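These notes concern the structure reproduced below.
The values are calculated or read from the model by the stated rules, or taken from the named source; none is laboratory data. Keep in mind the model is a prediction, meaning the values are calculated, not measured. Virtual Cβ from ideal backbone geometry, glycine too; neighbours counted across all protein chains shown.
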């Protein structure tokens, strides 16, 4: 899942080095444009809805955190 | 030249030539100039002014922006954009926390004096409201996430974003795109303009996404009459 999420992120925002930080939000690496693009891309790729309550720094600060969130929102296989 | 009357002090601002000629009496004096006016730069430095910030003037063709917005993933779960009738205390609180390092409001050399910046923000908002600005807000339910204040919106005209801010944190950051995109949708003017600090990459990139063109740059130089001792904000 992590690799797939990373692939989606890199395709959507190739200018961002998603592995450079575990504080992508806190370090200001993800701006408004990147955030909305990432949310749209993850939504489409994984068929999930990311509810407003999930929009928290802990879920977006790293590739690992994003992968955990996506997996949770996809529910049991 | 214009004077902003804050609660504890005054801020006077104008073109460098006028400021140097008239020597206004205010606790903070801001002179605006262009980077290539080396004559003014020398005069400003001789008069004790120091560089404060550089602002880029941007313009956006709103019809063009609306086409770009139609292609963007703008919508965010539950965030709505609508015009507000008042500038509330909640909005003021968000503005104060949003402008943590904005040189329009932080007039001292460091950013520690938040109470002084709050006075400048309050005075700037009062002035905006006195000029009849539109207040457009992004909210999630009852929570305001950000606002833009637009001056001079008229059919086919030229409007100006005089103040725009979102709540610090991820939800506020996420609200920026729907806020500005939503605001574009509500505007009647042909052209949107604004001044953005050259240090504000997030805002510059956001506006670039809407097709912004940079049409000029303005350097601000500041003279602090109290020198290195900040003015005492009233408690």
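Just a few scattered comments:
- Residues considered: B:147, B:159. Of these, the only one that is modelled with pLDDT of 95 or more, away from every other protein chain (no Cβ under 14 Å), more than 20 Å from residue B:56 (Cβ to Cβ) and assigned to a strand (DSSP E or B) is B:147.
- When residues of segment A:22-42 are limited to those that are under 12 Å from residue A:66 (Cβ atoms) and in a loop (DSSP other than H, G, I, E, B), the one nearest to the other protein chains (Cβ to nearest Cβ): A:25
- Residues satisfying the stated conditions in segment B:180-202, i.e. facing chain A (nearest Cβ under 9 Å) and crowded, with 22+ Cβ neighbours inside 10 Å: B:180
- Within segment A:43-57, being more than 9 Å from every other protein chain (Cβ to nearest Cβ) and either touching a strand residue (DSSP E or B) at 6+ places or on another chain (Cβ under 6 Å) or not in a helix (DSSP H, G or I) (or both) holds for A:47, A:48.
- Count - residues of segment B:42-89 that are more than 14 Å from chain A (Cβ to nearest Cβ) and assigned to a loop (DSSP other than H, G, I, E, B): 7
- When residues of segment B:23-39 are limited to those that are at pLDDT 95 or above and over 23 Å from residue B:130 (Cβ atoms), the one surrounded by the most Cβ atoms within 10 Å (Cβ to Cβ): B:31
- The set of residues from segment A:58-67 being more than 7 Å from chain B (Cβ to nearest Cβ), in a helix (DSSP H, G or I) and either more than 10 Å from the chain's Cα centre (by Cα) or free of Cβ contacts under 8 Å to residues at least 60 places away in the same chain (or both) comprises A:58, A:59, A:65.
- Within segment B:91-100, considering residues that are touching a residue at least 60 places away in the same chain (Cβ under 8 Å) and either surrounded by fewer than 17 Cβ atoms within 10 Å (Cβ to Cβ) or in contact with a helix residue (DSSP H, G or I) (Cβ under 7 Å, 6 or more places away or on another chain) (or both), the one nearest to residue B:144 (Cα to Cα): B:95
- Among the residues making up segment B:203-222, those that are touching a helix residue (DSSP H, G or I) at 6+ places or on another chain (Cβ under 7 Å) and within 14 Å of chain A (Cβ to nearest Cβ) are B:205, B:206, B:209, B:210, B:211.
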